[in-house]
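One structure is given below, encoded as structure tokens.
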């Protein structure tokens, strides 16, 4: 349902920026950044075209803002999953990231990694690619931090290897339409961690 016809009493209280980001998030993720025009985002958000340009300045900046918002949301979800695990079990804390990812795979609107999809359609040195790299860097840093806590002899290496599994799992779950791939991905992560820790 579009924002212009919504019966949600909260819609009118949301700023044009919030409404544009929500509409952009829904459309860009489901259909792709390049295939969705500005007019569709504006219509879904129920705002004037001037609001988009006064708030973001360009479609590229809107895409960047959409990716930044998604970045913050995904990382917060992963860190919350990690924080829910006893610090005395650092291996389980690493695996919690994959458990959180498995929940995303099972979602009814899962379409793969938003950052991979957006970067594939964008100029290599533009703002969109920059946002994708920032997200990937933080995921790698999270895995490296957890690998350090687990006592890995080379945390950056293990962090990078775990990120490869994380990325590959998302690609497989999307391309094969198979959320159950999360199980083998988690198993592979456990084997990789054990090998790194010499267990």
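The values are calculated or read from the model by the stated rules, or taken from the named source; none is laboratory data. Source: prediction; values computed, not measured. Note that each Cβ is placed from the backbone with ideal geometry, even for glycine, and that neighbours are counted across all protein chains shown.
For segment 82-100, filtering for residues that are touching a residue at least 40 places away in the same chain (Cβ under 8 Å) and under 18 Å from the mean Cα position of the chain (by Cα) leaves 6. Per the conditions (1) in a helix (DSSP H, G or I); (2) at pLDDT 95 or above; (3) under 24 Å from residue 34 (Cβ atoms), the sole criterion not satisfied by residue 112 is (1).
With respect to (1) surrounded by fewer than 19 Cβ atoms within 10 Å (Cβ to Cβ); (2) out of contact with any helix residue (DSSP H, G or I) (no Cβ under 6 Å at 6 or more places or on another chain); (3) under 26 Å from residue 180 (Cα atoms), the lone exception for residue 101 is condition (1). Candidates 139, 181, 193: the one that is under 22 Å from residue 73 (Cα atoms) and in the same structural domain as residue 106 (by TED's automatic domain parsing) is 139. Residue by residue through segment 104-125, note down the ones that are exposed (fewer than 14 other Cβ atoms within 10 Å of the Cβ), farther than 17 Å from residue 25 by Cα and in contact (Cβ under 8 Å) with a residue 12 or more places away in the chain. The one that is exposed (fewer than 14 other Cβ atoms within 10 Å of the Cβ), farther than 17 Å from residue 25 by Cα and in contact (Cβ under 8 Å) with a residue 12 or more places away in the chain: 106. State yes or no: is residue 165 surrounded by fewer than 14 Cβ atoms within 10 Å (Cβ to Cβ), assigned by TED's automatic domain parsing to the domain that holds residue 186, farther than 16 Å from residue 74 by Cβ and more than 13 Å from the chain's Cα centre (by Cα)? Judged against the criteria, residue 165 is not a match. For segment 69-92, a tally of residues being more than 20 Å from residue 147 (Cα to Cα) and surrounded by fewer than 15 Cβ atoms within 10 Å (Cβ to Cβ) returns 2.
Matching residues to (1) out of contact with any strand residue (DSSP E or B) (no Cβ under 9 Å at 6 or more places or on another chain); (2) assigned to a helix (DSSP H, G or I); (3) surrounded by fewer than 20 Cβ atoms within 10 Å (Cβ to Cβ); (4) not assigned by TED's automatic domain parsing to the domain that holds residue 151:
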position	(1), (2), (3), (4)
39	yes, yes, yes, yes
44	yes, yes, no, yes
64	yes, yes, no, no
67	yes, yes, no, no
94	yes, yes, no, no
